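*Asks:* Got a structure for you, questions after.
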Amino acid sequence: MGKDIRAFWTEDLFSALRVTPGFTLAHVETGSTPGFNGRKKDSAAAGAEGAVILSHLQEMLFANSKCGDNRKVLLVLQAMDTAGKGGIVRHVVGAVDPQGISHFAFKAPTRAELRHDFLWRIRKRLPEAGMIGVFDRSHYEDVLIARVHELVPAAEIEKRYDLINKFEQELVDDDTTVIKVMLQISSAEQKSRLAERLDRPDKYWKYHTVDVDERARWSGYQEAYQVALERTSTAAAPWFVVPADRKWYARLAVQHLLTNALNSMVLSWPAAEFDIPAEKLRLAATT
């Protein structure tokens, strides 16, 4: 008989991965597996069991929204290129009923979007009641890319941190559980994954020539992330930094964070709003 999957989890990931005062991004061991003492071969079973639990909780969240429950979840994924955001969406979020998921990948703002404040387009994509919303990149691009490429004045970047905190507090006040995840990959691992894309025809479509240009700004991005994490990891909407050199661990960790968030809601199936015995009699009388 196999090992109980729960035995592989040795630490609460909410505590192990959460950004708290004094956090230093450069100290994250990108190949580590905090809170999980299993190996890659154990991750398949752990992930499969976790998917069943996550799917069950997601369905209850969705069902309750049909009875007036306003609660929802927003998963924000940020990372350097190749860190595995797409894999999280496919293998973690993709394991639940798609009718309860809203997913959006934010690209460079359009001309129309640039005529509004930077949060305007974000507000349009927020999840509705009962949904798990997923942002593949998000409003944080406006304090990351904008900072590294000096797209706006430094004073404007400073204002945006406070605007983001206010915005996310508004989300929490509107019954949204916000889970912000940064997948932290090493420069060496990113280089290896980019090289693989150049070696495999089935991955050419993932490669962009600007990826090499952005690698030249690696230090700038790490500094930008450090500041963003420090300034916007709040009690209402904390950041979690997930070591991402091992894709299997990153997927397990995000699955675990989502499951814990849903468990904290203490969900149950909504009660029937009709007379059950009477409906059984009516059904039995039909041909």
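The values are calculated or read from the model by the stated rules, or taken from the named source; none is laboratory data. Just so it is clear, the model here is predicted, and its values are computed rather than measured. Quick reminder, even Gly has a Cβ in these numbers, built from the backbone with ideal geometry, and neighbours come from all protein chains shown. The accessibility values were calculated without ligands, DNA or RNA, using every heavy atom of the protein model including side chains. Shrake-Rupley method; radii C 1.70, N 1.55, O 1.52, S 1.80 Å.
*Asks:* Looking only at region 74-98, how many residues end up being open to solvent by less than 40 Å² (accessible area, probe 1.4 Å) and closer than 14 Å to His256 by Cβ?
*Replies:* Adding up the residues that qualify gives 4.
*Asks:* Any idea how many residues of region 140-165 are over 27 Å from Val93 (Cβ atoms) and part of a loop (DSSP other than H, G, I, E, B)?
*Replies:* Going through region 140-165 one residue at a time, the tally reaches 5.
*Asks:* I would also like to ask the following. Report yes if some residue within region 119-127 is out of contact with any helix residue (DSSP H, G or I) (no Cβ under 6 Å at 6 or more places or on another chain), among the basic types (Lys, Arg) and surrounded by 12 or more Cβ atoms within 10 Å (Cβ to Cβ); otherwise report no.
*Replies:* Yes, region 119-127 contains at least one residue that is out of contact with any helix residue (DSSP H, G or I) (no Cβ under 6 Å at 6 or more places or on another chain), among the basic types (Lys, Arg) and surrounded by 12 or more Cβ atoms within 10 Å (Cβ to Cβ).
*Asks:* Just checking, which of Arg251, Arg231 is among the basic types (Lys, Arg) and in contact with a Ser or Thr (Cβ under 9 Å, 6 or more places away or on another chain)?
*Replies:* Arg251
*Asks:* Here's a follow-up. Please work out which residue is most open to solvent (accessible area, probe 1.4 Å), limiting yourself to region 136-169 and to residues that are of a type outside the set (Val, Ile, Thr) and in contact with a His (Cβ under 8 Å, 6 or more places away or on another chain).
*Replies:* If we take residues in region 136-169 being of a type outside the set (Val, Ile, Thr) and in contact with a His (Cβ under 8 Å, 6 or more places away or on another chain), then Asp136 is most open to solvent (accessible area, probe 1.4 Å).
*Asks:* Continuing with the same structure: Starting from region 10-28, keep only residues that are basic (Lys, Arg), then list their pairs with residues that are part of a loop (DSSP other than H, G, I, E, B) and open to solvent by less than 80 Å² (accessible area, probe 1.4 Å) whose Cβ atoms are within a distance under 9 Å, requiring at least 6 positions of separation or different chains.
*Replies:* Close Cβ pairs satisfying both conditions: Arg18/Ser233; Arg18/Pro238.
*Asks:* Could you say which residue among Val181, Val172, Val241, Val227 is surrounded by 14 or more Cβ atoms within 10 Å (Cβ to Cβ), more than 18 Å from the chain's Cα centre (by Cα), closer than 27 Å to Val73 by Cα and not basic (Lys, Arg)?
*Replies:* Testing whether each residue is surrounded by 14 or more Cβ atoms within 10 Å (Cβ to Cβ), more than 18 Å from the chain's Cα centre (by Cα), closer than 27 Å to Val73 by Cα and not basic (Lys, Arg) leaves just Val227.
*Asks:* Taking Ser15 and the conditions (1) in a helix (DSSP H, G or I); (2) over 20 Å from the mean Cα position of the chain (by Cα), which numbered condition does it fall short on, given that it satisfies the others?
*Replies:* (2)
*Asks:* Please tell me if Leu262 is under 17 Å from the mean Cα position of the chain (by Cα) and open to solvent by less than 20 Å² (accessible area, probe 1.4 Å).
*Replies:* yes
*Asks:* Okay, next question. What are the pairs, 6+ residues apart or on separate chains, where a residue within region 49-65 that is assigned to a helix (DSSP H, G or I) has its Cβ under 7 Å from a residue that is aromatic (Phe, Trp, Tyr) and modelled with pLDDT of 95 or more?
*Replies:* Met60/Trp269; Ala63/Trp269
*Asks:* Please count how many residues of region 13-62 are under 30 Å from Pro270 (Cβ atoms), in contact with a strand residue (DSSP E or B) (Cβ under 9 Å, 6 or more places away or on another chain) and surrounded by fewer than 18 Cβ atoms within 10 Å (Cβ to Cβ).
*Replies:* Residues flagged as under 30 Å from Pro270 (Cβ atoms), in contact with a strand residue (DSSP E or B) (Cβ under 9 Å, 6 or more places away or on another chain) and surrounded by fewer than 18 Cβ atoms within 10 Å (Cβ to Cβ) within region 13-62 amount to 1.
*Asks:* Based on what the data block shows, is Glu168 assigned to a helix (DSSP H, G or I), touching a strand residue (DSSP E or B) at 6+ places or on another chain (Cβ under 6 Å) and over 22 Å from Gly47 (Cβ atoms)?
*Replies:* For Glu168, the condition - assigned to a helix (DSSP H, G or I), touching a strand residue (DSSP E or B) at 6+ places or on another chain (Cβ under 6 Å) and over 22 Å from Gly47 (Cβ atoms) - is met.
*Asks:* Residue under question is Gln58, and the condition is that it be out of contact with any helix residue (DSSP H, G or I) (no Cβ under 7 Å at 6 or more places or on another chain), modelled with pLDDT of 95 or more and of a type outside the set (Gly, Ala, Ser); does it hold?
*Replies:* It is false that Gln58 is out of contact with any helix residue (DSSP H, G or I) (no Cβ under 7 Å at 6 or more places or on another chain), modelled with pLDDT of 95 or more and of a type outside the set (Gly, Ala, Ser).
*Asks:* Being touching a helix residue (DSSP H, G or I) at 6+ places or on another chain (Cβ under 7 Å) and of a type outside the set (S, T, N, Q) is the filter here, so list the residues in region 251-264 that pass it.
*Replies:* Arg251, Leu252, Ala253, Val254, His256, Leu257, Leu258, Leu262
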